[in-house]
Amino acid sequence: MKIAVVGTGYVGLVTGTCFSETGNTVTCIDIDARKVRKLSSGEITIYEPGLEHLFQRNLKEGRLRFTTSLVDGISDAQIIFLALPTPPGKDGAADLSYVLGVADELGNLLDDYKVIVDKSTVPVGTADKVREVIARKYKGEFDVVSNPEFLREGVAVDDFMKPDRVVIGTRSERAQRLFRELYAPFVRQGNPVLFMDERSAELAKYAANAFLATKISFMNEIARMCELLGADVDMVRRAIGSDERIGKRFLFPGIGYGGSCFPKDVQALARSAAEVGYPFRILESVMHVNESQKVYLVPKIMDYFKGRLQGRKIALWGLAFKPNTDDIREAPALYIIEALLAEGVHVHAFDPEAMPNVRQLLGDRISYGTDQYSVLEDADALIIATEWSVFRTPDFEKMDAAFAQKVIFDGRNVFEVPQMQALGYYYESVGRQPAAILD
Ligand SMILES: NC(=O)c1ccc[n+]([C@@H]2O[C@H](COP(=O)([O-])OP(=O)(O)OC[C@H]3O[C@@H](n4cnc5c(N)ncnc54)[C@H](O)[C@@H]3O)[C@@H](O)[C@H]2O)c1
Ligand SMILES: O=c1ccn([C@@H]2O[C@H](COP(=O)(O)OP(=O)(O)O[C@H]3O[C@H](CO)[C@@H](O)[C@H](O)[C@H]3O)[C@@H](O)[C@H]2O)c(=O)[nH]1
């Protein structure tokens, strides 16, 4: 099939690459000329494990190409995916200007039947709006489909190639036939393609993210209770996760959820609810808990140093919002950094992939290490903000040699408490009792 993908950010690039991998001819379109130049010359623009290999192969074999021209990019496409940003607007509602702006341009450009697909996360009713905008200028036949994307960064290729489910919102039989064919190679037995109406598909995406965010905020509150009541959140997590009705995944407490999706999507769903006169109280609490969770370690650090943080040097492991990505959008580490800088702390950070992005954002307001050990030299404490696997299994001898103070505040529970106790660390984590330095 011939496919166009408008917007070549995270989702657009993964979508375009994976569709080309299954034998389709894909043109990705982006207004960012620098990005298009890079991608056309074989330079990948995001860090995503497993993507580069597929990207290079399909680029070389001519199934994948990039352009800044919408008219050129869509000319022979049967299906046009919109993978455009939907950032929060001033009131928290999703800003649809990118999606509707491109829909407006498409109204001028369409000249035969095509399917326009909302791949972006968009509020209920957006497919109708896209249809209206196009129909103002194009009087021929076309369909608008809602096909929300459920991939996770860091495992995006696997999520796309072997999805738990594919959701397709359309009542058009013609569009359904095309989508059945398009997704046939991706769907394992038992993991269905779910056809539904556009509105249900749009809401399903928000409901999935909001539910997962709720699970995380719930566990973060349980973790706080554990600390106050002398319980261990790992034990509680295992106990409840063994119940199939609850499930083992997404029960990990920490320093809150970040990234480009959960924060904005929970907010947008709450906003949609308010717009139709329904106060979505659970979501208000989920957001409230997450806000405080992001800087949860800061008062603990403050207490440890008896309020005297000015001039201290604190090492930070992890800047990305989660491991295996260089994405720092809404990363809890950034909130911790701001809180520490406000107290006059010197932050010395290391992240395996995200440092270039943080350098662009923060410049020399913090300093950057060459590896995870170099940042420990002269540090008064270490904060762990992202659970990269290299942080889970450090060389403790190297760590000991570099890090005289042996004080760790772990926002992702990467170590076991008894292990750190035995190694002589002062170790505070989330939802577990602290390990004190052994005398
Ligand atoms: N990032 C994720 O993990 C993820 C997962 C599922 C769904 N989503 C949703 O997918 C959508 C896209 O997210 P993303 O993370 O890929 O965004 P992104 O910011 O990484 O990329 C968006 C791209 O669109 C381009 N763009 C903007 N205006 C354009 C225009 N008029 N024409 C062509 N290109 C244009 C930008 O230059 C950018 O490259 C959002 O709605 C998001 O909520 C994201
Ligand atoms: O038990 C957990 C699981 C996750 N997180 C945090 O939650 C955030 C989001 O994690 P994850 O869901 O793995 O990352 P995303 O790539 O943002 O993916 C989410 O957002 C995407 C965009 O909408 C969806 O497509 C995915 O299905 C959805 O998982 C991160 O900050 C994690 O640290 C926790 O704190 N505890």
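The values are calculated or read from the model by the stated rules, or taken from the named source; none is laboratory data. Remember, predicted model here, so these are calculated numbers, not experimental data. As a convention, Cβ positions derive from the backbone with ideal geometry for all residues, glycine included, and neighbour counts pool all protein chains shown.
At-a-glance table
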| read-out | value |
| --- | --- |
| Number of the exception - residue 152 against (1) touching a residue at least 60 places away in the same chain (Cβ under 8 Å); (2) within 16 Å of ligand 2 (Cβ to nearest atom); (3) out of contact with any Gly (no Cβ under 7 Å at 6 or more places or on another chain) | (1) |
| Extreme residue, nearest to ligand 2 (Cβ to nearest atom), among residues of region 1-40 that are farther than 22 Å from residue 100 by Cβ, surrounded by 20 or more Cβ atoms within 10 Å (Cβ to Cβ) and of a type in the set (A, V, I, L, M) | 14 |
| Count of residues meeting criterion [surrounded by 22 or more Cβ atoms within 10 Å (Cβ to Cβ), more than 21 Å from the chain's Cα centre (by Cα) and part of a helix (DSSP H, G or I)] in region 57-99 | 3 |
| Some residue of region 137-155 being in a helix (DSSP H, G or I) and in contact with a helix residue (DSSP H, G or I) (Cβ under 6 Å, 6 or more places away or on another chain) | yes |
| Residue 185, sole failed condition from (1) surrounded by fewer than 19 Cβ atoms within 10 Å (Cβ to Cβ); (2) within 13 Å of ligand 2 (Cβ to nearest atom) | (2) |
| Criterion (among the acidic types (Asp, Glu), surrounded by fewer than 20 Cβ atoms within 10 Å (Cβ to Cβ) and not in a helix (DSSP H, G or I)) met by exactly one of 284, 221, 244 | 244 |
| Complete set of residues in region 100-118 that are acidic (Asp, Glu), touching a Leu at 6+ places or on another chain (Cβ under 9 Å) and surrounded by fewer than 24 Cβ atoms within 10 Å (Cβ to Cβ) | 105 |
| Residue check, residue 129 more than 16 Å from ligand 2 (Cβ to nearest atom), at pLDDT 95 or above, assigned to a loop (DSSP other than H, G, I, E, B) and not aliphatic (A, V, I, L, M) | no |
| Filter result for residue 249 (among the basic types (Lys, Arg), surrounded by fewer than 18 Cβ atoms within 10 Å (Cβ to Cβ) and more than 30 Å from residue 24 (Cβ to Cβ)) | yes |
| Checking residue 388 against (1) surrounded by fewer than 21 Cβ atoms within 10 Å (Cβ to Cβ); (2) within 14 Å of ligand 2 (Cβ to nearest atom), the condition it does not meet | (1) |
| Region 356-379: number of residues that are of a type outside the set (Ser, Thr, Tyr) and farther than 11 Å from residue 316 by Cβ | 12 |
| Contacts under 7 angstrom Cβ, first residue in region 41-56 being of a type in the set (Phe, Trp, Tyr) and surrounded by fewer than 17 Cβ atoms within 10 Å (Cβ to Cβ), partner part of a loop (DSSP other than H, G, I, E, B) and at pLDDT 95 or above, 6 or more apart | none |
